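First up is the structure itself, then whatever we jot down about it.
The values are calculated or read from the model by the stated rules, or taken from the named source; none is laboratory data. On a predicted model such as this, the values are computed, not experimentally measured, just so you know. Reconstructed Cβ throughout: ideal geometry from the backbone, glycine too, with neighbour counts over all protein chains shown.
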Amino acid sequence: MDGPRRRTPAGRRVLGPPLVAGVPGSHVVLCAKPDDEEPSRETLRQAAAVAAYHSKAREAGTVPVHCTRARYVTKPRGAEVGTVQVTRGRLFKVHPALGNAVRLPH
């Protein structure tokens with residue numbers, strides 16, 4: 001994908017970026033310790049709301065957001081910067097909100 005490379009804090013695995021459907025460039029990355037279980041539905045819904053909040057669809061009532069693992073996200077050849085294709089995952093319809101989002105130090 002174009003743009004800055006995603007870095008993962010040492011000892012953590014990327015669970016995947018919630019991606020706002022139809023809005024290029026809007027994503028959030030969830031990280032977990034290697035031995036952690038899968039995130040709960042509520043955790044995914046909160047991450048999706050944060051992605052929607054930081055997207056151009058922030059003012060929309062309900063926003064469709066794809067939640068998937070990073071390995072299922074690709075950039076189609078010749079596509080605009082920020083445009084990706086998702087091959088697997090779940091779709092949540094959420095209201096844009098920050099909720100209890102926390103920014104991790106780099």
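Restricting attention to region 34-64, the residues being of a type in the set (Gly, Ala, Ser), loosely packed, with under 11 Cβ neighbours inside 10 Å and in contact (Cβ under 8 Å) with a residue 12 or more places away in the chain number 1. If you go through region 88-106 and keep only what is touching a strand residue (DSSP E or B) at 6+ places or on another chain (Cβ under 9 Å), farther than 10 Å from His66 by Cα and modelled with pLDDT of 85 or more, you end up with Val94, His95, Pro96.
Please find, within region 23-66, the residue that is nearest to Ala97 (Cα to Cα) out of those that are basic (Lys, Arg) and part of a loop (DSSP other than H, G, I, E, B). Walk me through it before giving the result.
The first filter runs over region 23-66 and keeps only residues basic (Lys, Arg), leaving 33, 41, 45, 56, 58.
Now drop any that are not part of a loop (DSSP other than H, G, I, E, B), which leaves 33, 56, 58.
Details: Lys33: 25, Lys56: 13, Arg58: 8 Å.
Result: Arg58.
For region 67-75, check the following and say yes or no: at least one residue is modelled with pLDDT of 85 or more, over 15 Å from Ser26 (Cα atoms) and among the aromatic types (Phe, Trp, Tyr). Scanning region 67-75, I find at least one residue that is modelled with pLDDT of 85 or more, over 15 Å from Ser26 (Cα atoms) and among the aromatic types (Phe, Trp, Tyr), so the answer is yes.
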